[in-house]
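What follows is a set of notes on a single structure, which appears directly below.
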Amino acid sequence: AIPSSVVKFVYEELRKYGRVHRSVIGAGLQDITPDLAAGLALTRQRGVIVSDVDPDGPAQKSGLRIQDIILTLDGRSIGSVPLAEMIISTRPASAVVEAEILRGEKKITLEIPVAEEKNDVDQLADLVDPEKSLISKLGFFAVEIDDQLAQQLDELREPSGVIVAAMAADLLGLEADLQPGDVIHAFNGKHIETIAALRAALKAMPTGAPGVLQIERESKYMYVTFEMD
């Protein structure tokens, strides 16, 4: 069962941003196994151990070290990596997680700020100009692929088109199965390279007419259909 707090977090993130922001502390965590405990001479046979700490990340700056054992996060006992990651990932980027750790035989409490995990979609959202990027009929903010952006997104099969950068909060567009990161290459068989071209094509559609978007998602082409209201 999914905890209600996680459902609430995901719902509010999707409603507000069109995607889920995931928080991290800049540390790798692993479940303790009997072999791992024996090999490292740990005092505990189960729990969560720190396997990596990112240089200059929040965890490192807060004093967390490799081989520390996580006992609690924000007062909640930690027995597995999924639980630890759930607690961290659902904290807002401005939050601080209180971690009780075991270092050797000594218990230490650390205050660790969380940071938003960045990926290509997040960087695209940063390029959005709300006044110029909104495709209101489909309910998303778009970014055109120029030469500079094409170099950053070198995994694209076709380095042109219009990217779905973020879904528009509280704006109900047509029912099109789009998600952040999708690249629109064509509309009803016509090649699309600019936001203006996509807007013009949508505006020219009569009510009840079918629309077909050719998109690229995770380096695969697919069609997305919708009907103009």
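The values are calculated or read from the model by the stated rules, or taken from the named source; none is laboratory data. Not measured: the values here are computed from a predicted model. In this analysis, Cβ positions are derived from the backbone assuming ideal geometry, glycine residues included, and neighbour counts consider all displayed protein chains. All accessible areas refer to the heavy atoms of the entire protein, side chains included, with ligands and DNA or RNA removed. Shrake-Rupley method; radii C 1.70, N 1.55, O 1.52, S 1.80 Å.
Filtering region 156-173 down to residues that are modelled with pLDDT under 80 and open to solvent by 20 Å² or more (accessible area, probe 1.4 Å), which residue is nearest to G139 (Cα to Cα)?
G173
With the structure loaded, tell me whether M228 is farther than 21 Å from D146 by Cα and crowded, with 18+ Cβ neighbours inside 10 Å or whether it fails that test.
Numbers: farther than 21 Å from D146 by Cα: yes; crowded, with 18+ Cβ neighbours inside 10 Å: no.
No.
Can you name every residue in region 73-92 that is crowded, with 17+ Cβ neighbours inside 10 Å and either of a type in the set (S, T, N, Q) or in contact with a His (Cβ under 9 Å, 6 or more places away or on another chain) (or both)?
Within region 73-92, S89, T90 qualify.
Each row is one residue, and each column tells you yes or no for (1) of a type outside the set (A, V, I, L, M, F, W, C); (2) farther than 13 Å from I145 by Cα; (3) not in a strand (DSSP E or B).
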{"position": "I184", "(1), (2), (3)": "no, no, no"}
{"position": "E193", "(1), (2), (3)": "yes, no, yes"}
{"position": "R199", "(1), (2), (3)": "yes, yes, yes"}
{"position": "P206", "(1), (2), (3)": "yes, yes, yes"}
{"position": "I215", "(1), (2), (3)": "no, yes, no"}
{"position": "V224", "(1), (2), (3)": "no, yes, no"}
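Select from region 103-126 the residues that are within 16 Å of I66 (Cα to Cα), in contact with a Ser or Thr (Cβ under 7 Å, 6 or more places away or on another chain) and modelled with pLDDT of 95 or more and write down the one among them that is least open to solvent (accessible area, probe 1.4 Å).
Within region 103-126, the first condition is being within 16 Å of I66 (Cα to Cα), and the residues that meet it are 103-110, 112.
Add one more test, that the residue is in contact with a Ser or Thr (Cβ under 7 Å, 6 or more places away or on another chain), and what stays is 105, 110, 112.
Next, only the ones that are modelled with pLDDT of 95 or more stay: 110, 112.
Details: L110: 20, I112: 4 Å².
Of everything passing the filter in region 103-126, I112 is least open to solvent (accessible area, probe 1.4 Å).
Can you find, within region 20-45, the residue that is surrounded by the fewest Cβ atoms within 10 Å (Cβ to Cβ) among those that are farther than 30 Å from A165 by Cα and in contact with a Ser or Thr (Cβ under 8 Å, 6 or more places away or on another chain)?
So the first thing to find is which residues in region 20-45 are farther than 30 Å from A165 by Cα, and the list is 29-45.
Narrowing further to those that are in contact with a Ser or Thr (Cβ under 8 Å, 6 or more places away or on another chain): 29-31.
Values: L29: 19, Q30: 12, D31: 14.
It comes out as Q30.
So, in region 54-71, how many residues would count as being under 10 Å from R103 (Cβ atoms) and part of a loop (DSSP other than H, G, I, E, B)?
So the answer is 5.
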